[in-house]
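Have a look at the structure below before the remarks.
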Amino acid sequence: MNIILFGPPGAGKGTQSKYLVKKLNGFQISTGEMLRNEIKNNSEIGRNIINNMNEGKFVDDEIINNLIEKAVTDPLKKNRLIFDGYPRSLNQAKNLELLMSNSAQKIDLIFFLNVNKEIIIERIEKRKKIENRSDDDTDTILKRYDTYMKTTKPVLDFYNKNSNFYEIDGALKIEEITAKIDAFITV
Ligand code: AMP
């Protein structure tokens, strides 16, 4: 099963992906994590993206699509992909369709965790204290939220007519969201 978790920063995508990875013996495909690793390793990609990341801007589709291709075409991960934070633009969504069909796979479920700005700010400020991410300060959160709103609307429009697209209230408690997700998974 391949699943997309979609929603603004702080919606709980990472938490629910970790749950799904365990449940389905899957692989969390978090582009945010991949990018943070590139920065940590001071790679060429890392050096190119550090400013965008710290300013809450999106990283270029080309870089993201290249990173994703490796994961999607990895035979070990086939049909066990849990996408967390990807796709985030229409270009990325179309690229994913292509990669999936070229590797004889499909997206089985898309969950949109919808949360408002106030809750996001509150949650990310809490997360900052635990994870100490450099892009989790209030100014950057607001920029990340605005970037999200601007670029992800077309992605929502792309997916929300699909019969496997489900919107879930991301303001609910973690266990309540998990229960809702669980109800759609029949394995
Ligand atoms: P995240 O951990 O998913 O909240 O991502 C952290 C940051 O990484 C974002 O604010 C963007 O700067 C960058 N990023 C992560 N995933 C993507 C993506 N799919 N497209 C563009 N930028 C991304």
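Please calculate how many Å² of accessible area segment 3-183 carries per residue, with a 1.4 Å probe and no DNA, RNA or ligand atoms counted.
53 Å²
Please give the Cα centre distance for segment 60-105 versus segment 123-140, rounded to the nearest Å.
27 Å
Using only the alpha-carbon atoms, what does segment 11-99 span along each of its principal axes? Please give whole angstrom values in decreasing order.
Principal axes ranked by extent give 36, 27, 24 Å for the Cα atoms.
Starting from 0.36 nm per residue, how many nanometres of slack lie between F184 and N54 once their C-alpha separation is accounted for?
That works out to 43.2 nm of additional length.
With a 1.4 Å probe and all protein chains kept in place, how much accessible area does K94 have, in Å² rounded to the nearest 10?
Solvent-accessible area, nearest 10 Å²: 110 Å².
Using the Kirkwood radius built from alpha carbon pairs, what does the Stokes-Einstein equation give as D for segment 11-59 at 37 °C and 0.692 mPa s, in µm² per second?
In µm²/s, the coefficient rounds to 274.
Taking amide H positions as placed 1.01 Å from N in the peptide plane, with prolines and chain starts having none, which residues 5 or more places from E167, or on another chain, fall under 5 Å of its amide H?
Here the answer is F112, since their amide H atoms fall under 5 Å of that of E167.
Using a probe of 1.4 angstrom, how much of the accessible area of the chain is carbon and sulfur, in percent?
Taking all protein chains in place, the chain shows 50 percent carbon and sulfur surface.
With the cut-off at 29 Å, tell me which of the pairs K94/K129; K13/K153; K57/K128 have Cα atoms farther apart than that.
K94/K129, as the Cα separations exceed 29 Å there.
Once the chain is represented by equal point scatterers at the alpha-carbon sites, with solvent omitted, what log10 I(q)/I(0) does the Debye formula produce at q = 0.09, 0.13, 0.18 Å⁻¹?
-0.30, -0.65, -1.35
Quick one: divide the alpha-carbon radius of gyration of segment 86-187 by 2.2 N^0.38 Å and tell me what you get.
Taking N as the residue count of segment 86-187, the ratio is 1.23.
Please list, by residue number, everything in segment 93-127 whose backbone N is under 16 Å from a paramagnetic label point 7 Å out along Cα→Cβ of T138.
What the label zone holds, given the 16 Å backbone N cut-off, is 117-127.
The values are calculated or read from the model by the stated rules, or taken from the named source; none is laboratory data. Remember, predicted model here, so these are calculated numbers, not experimental data. Note that we place each Cβ from the backbone using ideal geometry, even for glycine, and neighbour counts take in every protein chain shown. In case anyone asks, the SASA skips ligands and DNA or RNA and just uses the protein heavy atoms, side chains included. Shrake-Rupley method; radii C 1.70, N 1.55, O 1.52, S 1.80 Å.
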